[in-house]
Amino acid sequence: NYVTLAKAAGFTENQKVLVNHITFNPGSNKYMTLVRNFKPADGSGTWSTSLLLGDLEGNVKPVLTTTYVSHYIWVNDRELVAHCSVEPGRKSMYCIDMEAATWVEYDMPYFHDGGHPDIHCNISPDGSYIIGDGYVRGEYREIQYYKIATGECRMILKAKSFKPNPNAIRCDL
């Protein structure tokens, strides 16, 4: 319920929160979700996100609390690749072991630079690559790949893309 999720996410009962991006692992016995708070109407406070791991019995545990967490994808039944912040002020791509709440950073320049370093990530079928697009930079959107074993990264597509009004349309490649 709302109070359980808000408390597990590190938010107080009087904060307005939303549950976002609920995704089951490949075995369909666990899920992860993002719980986000809203700034108070007076504009004070901060906006943040928590990453929670849940199971079919109703157990929920925090993995990352009141930080930055954005796009993610399950790698296997236990691990998740996510663009997030596990250290204050550092946004990057991490492989997170959801059970142990440990992580490894994937240090690809595209994950850090520019005004929107976020990436909509996917894992290649063989698990060797992270592939994804970011937000429009200038007039272009890029699709990048990152080879996990070697750290090699490369742009594989750069396409002209208009920047739509986010209230009217939202499209991630």
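The values are calculated or read from the model by the stated rules, or taken from the named source; none is laboratory data. Since we're looking at a predicted model, the values are computed, not measured. We place every Cβ from the backbone using ideal geometry, glycine too, and count neighbours over all the protein chains shown. In case anyone asks, the SASA skips ligands and DNA or RNA and just uses the protein heavy atoms, side chains included. Shrake-Rupley method; radii C 1.70, N 1.55, O 1.52, S 1.80 Å.
Take the conditions (1) without any contact (Cβ under 8 Å) to a residue 24 or more places away in the chain; (2) within 24 Å of residue 128 (Cα to Cα); (3) surrounded by 12 or more Cβ atoms within 10 Å (Cβ to Cβ); residue 80 misses just one of them, which is (1). Just to be sure, is residue 70 open to solvent by less than 30 Å² (accessible area, probe 1.4 Å) and either closer than 21 Å to residue 124 by Cα or at pLDDT below 85 (or both)? The answer is yes for residue 70. The set of residues in region 8-28 that are under 14 Å from residue 74 (Cα atoms), in a loop (DSSP other than H, G, I, E, B) and open to solvent by 70 Å² or more (accessible area, probe 1.4 Å) contains only 26. Right, residue 134: farther than 23 Å from residue 27 by Cβ and out of contact with any strand residue (DSSP E or B) (no Cβ under 8 Å at 6 or more places or on another chain) or not? In short, no. The single condition among (1) more than 26 Å from residue 135 (Cα to Cα); (2) among the hydrophobic types (A, V, I, L, M, F, W, C); (3) at pLDDT below 90; (4) buried (at least 18 other Cβ atoms within 10 Å of the Cβ) that residue 3 does not satisfy is (4).
Among the residues of region 83-96, those identified as crowded, with 16+ Cβ neighbours inside 10 Å and either of a type outside the set (Val, Ile, Thr) or closer than 21 Å to residue 129 by Cβ (or both) are 83, 84, 85, 91, 92, 93, 94, 95, 96. If a residue must be farther than 12 Å from residue 36 by Cβ and either outside any strand (DSSP E or B) or of a type in the set (Gly, Ala, Ser) (or both), how many such residues does region 49-78 contain? The qualifying residues number 9.
Would you check if residue 126 is in contact with a Leu (Cβ under 6 Å, 6 or more places away or on another chain), within 21 Å of residue 72 (Cβ to Cβ) and of a type in the set (Asp, Glu)? Judged against the criteria, residue 126 is not a match.
Per the listing 58, 138, 54, 132, the residue uniquely open to solvent by less than 60 Å² (accessible area, probe 1.4 Å) and farther than 26 Å from residue 10 by Cα is 132.
Might you check whether a residue that is crowded, with 20+ Cβ neighbours inside 10 Å and in contact (Cβ under 8 Å) with a residue 60 or more places away in the chain occurs anywhere in region 34-43? Within region 34-43, none of the residues are crowded, with 20+ Cβ neighbours inside 10 Å and in contact (Cβ under 8 Å) with a residue 60 or more places away in the chain. Only residues that are in contact with a Gly (Cβ under 9 Å, 6 or more places away or on another chain) and β-branched (Val, Ile, Thr) were counted across region 1-29, and they come to 2.
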